Amino acid sequence: MHSGSTTTSDAKRSSTKKKFEPRTFTGCSKIEDYETRNKIGEGTFGEVSFAQHKKTEAKVALKRILMHSEKEGIPITALREIKILKSLNHPNIVPLLEMAIKKGDKSSRSRGSIFMVFPYMDYDLAGLLENPAVRFNQSQIKSYIKQLLEGTYYLHQHNILHRDMKGANILIDAQGNLKLADFGLARSFNPEDPNKAYTTLVVTRWYRPPELLLGATKYNAAIDMWGVGCVIGEIFKRRPILTGTSDIDQLEKIFELCGTPNKHNWPSVDQLTDWGKIQFKVYQRNVLRRFEQYDRLAIDLMDKLLALEPATRLTAGEALKHDYFYHGWRIAVPGTKEWVSDSA
Ligand code: ADP
Ligand code: MG
């Protein structure tokens, strides 16, 4: 299976490279077409509710777009999220099915709303990991990590940075399919223009890479790969691995695990605006030792994703070629008998 699946997935990857295959997009329906049920998520930018399409009975998640004032129209951040989602088409990226509008009503003074409509996914990874009753076997873990990397690889091939990698933004259904969600902070980048500056105010702190914490405004897809590394560690440890209480504390925790930067492990670190402002204790890298009780190859992959220097961090494409996917435990295939019966 191993060498065979390399060829197929490589072939598949290179054939989809840089080629957008936009889904047809029917547009807008009315919120009355859906039966809205309970709230399932409260994010930073609005709430997400479970709903069912009245005619088709399709289960969906409705993500409300927060409107600050109707005069100003849909916020630019939401437009960006919609535009990016519409351009993506991959089994490991949550598809935007359509938009649904709720008309305002002057007499009852209720404001109108706009919703993004997604297929309903049973869980998010953060919730699953917090629940001690949920156990994953090694083949399932490998499948989740593979799917996460496939989704991220697709994004980066299409020059999109996710910028908010974390368990709460990784959705999983009861069949074991994983989809990357929440493109509220995502943006497109131009790989030919590495000097373009972006905001550093992205990525939830525990998943934020050291270059962002040290003030880098020129960053690239490697910022998402750090987050993937953190998520892999979290899947094994069953809790977030780097839980800083402030940006400085976050750096401290990163260095405690990954070693303190110096001119050997990160030659250009002194070019970052915030490097040198604080004197950090000198720590040695000890990722492999701190995670020695887990799957050695998985932890080797994580170790290479948690490289301090962004340029040496594995890319999604490189990560997918890691030995972890070709040795040891099989990759369970979601939705098949093997998925449920293959327990570790
Ligand atoms: P925010 O930008 O507010 O964080 P998200 O898109 O991350 O919005 O959604 C918030 C939460 O709602 C997610 O963490 C997840 O728990 C839940 N959620 C989002 N989309 C879906 C979906 N398609 N199916 C099921 N739950 C979802
Ligand atoms: Mg979110």
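The values are calculated or read from the model by the stated rules, or taken from the named source; none is laboratory data. From a predicted model like this one, the values you see are computed outputs, not experimental measurements. A quick note on method: Cβ atoms are made from the backbone with ideal geometry, for glycine too, and the neighbour counts reach across all protein chains shown. Ligands, DNA and RNA are stripped out before the accessible areas are found, and what is left, the full protein with its side chains, is counted by its heavy atoms. Shrake-Rupley method; radii C 1.70, N 1.55, O 1.52, S 1.80 Å.
Below, the figures for the structure above:
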| quantity | calculated |
| --- | --- |
| Rounded tilt (10° steps) of 222-237 against the dominant C-alpha axis of the chain | 90 degrees |
| Share of pairwise Cα separations in segment 93-137, more than 14 Å, in percent | 67 percent |
| Using a Förster distance of 45 Å, the FRET efficiency for E309-T77 (Cβ separation, nearest 0.05) | 0.90 |
| Extension gain, N38 back to T56 (0.36 nm per residue minus Cα-Cα distance, nm) | 4.6 nm |
| Angle in degrees between helix 296-305 and the longest Cα principal axis of the chain, rounded to the nearest 10 | 80 degrees |
| Point-charge dipole on Cβ atoms (K/R +1, D/E -1) for segment 22-150, about Cα centre, debye to 20 | 280 debye |
| Set of aspartates and glutamates with alpha-carbon distance to K237 below 16 Å, sequence-local pairs under 8 removed | E130, E292, D295, D300, D303 |
| Largest-first ellipsoid semi-axes for segment 28-119, taking √(5λ) over the Cα gyration tensor eigenvalues, angstrom | 21, 18, 12 |
| In nm, spacing of pseudo-spin labels at N89 and A168 (7 Å Cα→C-beta vector) | 3.2 nm |
| The chain: Cα Rg divided by the 2.2 N^0.38 Å rule of thumb | 1.04 |
| Electrostatic dipole magnitude of the chain [Cβ: Lys, Arg +1; Asp, Glu -1; Cα centre; debye, to 20] | 520 debye |
| Under-5 Å amide H pairs with R37, H placed in peptide plane, nonlocal only | F50, A51, Q52 |
| Helical mean residue ellipticity (222 nm; -39500 (n - 2.57) per DSSP H run of 4+; nearest 500) of the chain | -9500 deg cm²/dmol |
| Calculated FRET value between K30 and L66, using beta carbons and R₀ = 30 Å, to 0.05 | 0.95 |
| Sites D270 and Y123, calculated FRET efficiency, Cβ-Cβ separation with R0 51 Å, nearest 0.05 | 0.75 |
| Rounded accessible area of F280 (nearest 10 Å², 1.4 Å probe) | 30 Å² |
| Using θ = phi - 60° and Karplus 6.51 cos²θ - 1.76 cosθ + 1.60, couplings along segment 110-117 (whole Hz; Gly, Pro as x) | 8, 7, x, 9, 10, 10, 8, 10 |
| Extension gain (nm, one decimal) between D249 and A133, 0.36 nm per residue minus Cα-Cα | 38.6 nm |
| Whole-Hz ³J(HN,Hα) from phi, Karplus 6.51 cos²θ - 1.76 cosθ + 1.60, for segment 58-67, glycine and proline x | 4, 8, 9, 10, 9, 9, 6, 8, 5, 9 |
| In degrees, nearest ten, helix 2-16 long axis to first principal axis of the chain (Cα) | 50 degrees |
| Links that overshoot a 27 Å alpha carbon limit, given the list K166/K321; K63/K253; K59/K106; K63/K304; K281/K321; K59/K337 | K63/K253; K59/K106; K63/K304; K281/K321 |
| Listed residue (N190, L251, I241) projecting farthest to the positive dipole end of segment 147-256, Cβ model | I241 |
| Vicinal HN-Hα couplings computed from phi for segment 246-263 (Karplus, 6.51 cos²θ - 1.76 cosθ + 1.60; Hz; Gly/Pro x) | 7, 4, 5, 5, 4, 4, 4, 5, 4, 5, 4, 8, 9, x, 7, x, 8, 6 |
